[in-house]
Amino acid sequence: MLPVNTYGVADIKFEQTSTSPSEVKITLNVSPDSPNWQAYYSRLGGLVLLPKGGLSAVQDLTPPEPSGDYNSANSANQNQKPTIGTISLSNNNSQLLIQANQSIQGSGNLDRRTGVYSIRIPNVQLSESLTGPQLGRNSPIYELNVRQVTADTVEILVKPSLGVRFGKLSQPNQQVLALEVRSLRIPNPPPNTNPNPNSNPRPITVLPSPNTSLPPRTSYPPGSVTGTPRGRVLVVIDPGHGGKDPGAVGLRGLQEKNVILPISLDVSRLLQKQGVQVKLTRSADYFVSLRGRTQIANRARANIFVSIHANAVGGGRSHVNGMEVFYYGNRALAAAIHGSIMRSINVVDRGVKRGRFYVLRSSRMPAALVEVGFVTGVEDNRNLSNPAYRQRMAQAIAQGILDYIQRKGL
Ligand SMILES: [Zn+2]
């Protein structure tokens with residue numbers, strides 16, 4: 001995972017070249033006013049890519065506008081505030097790095113009783129495509145809660161794994177905060193745990209950000225929501241795919257994983273606003289196995305499981321558009337979500353259908369899988385590229401879930 005939109009680099013592409021199976025081509029898409037870049041062998045192994053004149057030569061360049069319609073509705077307020085795009089573990093797990101696209105400043109505080117380290121960063125926003133570290137079995141971090149606490153303040157709570165302590169919060173450069181991580185334990189996997197470390201990653205939780213019609217800041221006391229669920233109904237929202245798995249790829253390169261994550265985060269935020277507890281199977285762009293997804297729901301004894309996907313058809317059939325909702329055992333939840341979407345959104349109706357999806361069959365609670373539209377369809381693709389449309393879709397899905405909760409008296 002590499003941060004983009006810093007140093008004038010809009011994206012970084014890695015491709016296996018077609019001529020040699022042992023050769024990889026790296027392409028940097030740089031801004032028009034960028035100096036040339038050079039590649040060096042590093043004495044520590046690997047390659048170093050640097051702009052001519054060093055990083056200081058590019059630090060002052062404004063980050064390039066994101067290309068494509070996907071972000072166009074946001075572009076008006078794109079450059080206002082720095083955004084945090086990547087949180088990662090580096091240096092052999094000895095540092096937690098928080099990376100932004102412009103200068104940030106943060107302050108840290110260690111709760112000596114719980115060992116939880118909280119970092120507050122004013123004047124910053126979370127990127128819609130924030131990526132976090134995989135918190136596997138041997139990760140020094142047990143849990144990461146990331147939250148936009150006010151319109152311009154982000155709070156990050158870092159809970160240590162057993163035998164881990166946090167040191168100082170430092171600033172290696174203007175755009176990066178680094179938290180020192182000290183591991184005191186012996187890296188010896190405990191017995192009778194899951195043999196596959198990736199099959200059950202602990203998710204990082206990106207708590208919902210406040211919407212634009214934000215009430216005065218004072219009504220968001222810091223830390224009031226994190227880990228203190230208000231309701232008793234627990235809904236698991238499952239944004240499909242993620243990380244190495246883009247899901248369906250449609251017209252103009254629109255990727256399913258990027259369409260459904262913002263919708264899922266919005267559904268989660270809206271439900272929480274109504275006092276419903278929500279757990280996301282992934283809250284940023286990383287991979288979770290199908291088994292991992294239903295395990296999260298089954299272990300948490302969730303009341304409702306809703307998986308969110310987007311569709312695709314091949315053969316250039318761009319006239320195929322529409323929304324459909326699947327169920328396996330219990331039809332009522334799927335019907336409630338479908339009804340709500342059809343009431344509020346102008347989209348082709350492909351109905352409520354029975355489908356043998358793994359996440360529907362293996363979840364022990366009423367479950368539904370929403371296909372919000374076709375990334376390969378001309379109409380749906382245009383709509384799903386539009387953040388305002390995605391927000392309305394999220395609202396309709398959340399309303400459908402609330403309708404079901406009400407009808408069942410949960
Ligand atoms: Zn999918």
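Taken together, the values in this text are just the output of simple stated rules run on the coordinates, not laboratory data. What you are looking at is a predicted structure, and each value in this text was computed from that prediction instead of being measured. Backbone-built Cβ (ideal geometry, glycine too); neighbour counts: all protein chains shown.
Tabulated values for the structure
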{"read-out": "For the range 102-176 versus the range 225-296, the gap between their alpha-carbon centres in whole angstrom", "value": "20 Å"}
{"read-out": "Taking 47, 169, 271 and counting other C-beta atoms within 10 Å, the order from fewest to most", "value": "47, 169, 271"}
{"read-out": "Likely footprinting exposure, 296, 26, 337, fewest C-beta neighbours within 10 Å first", "value": "26, 296, 337"}
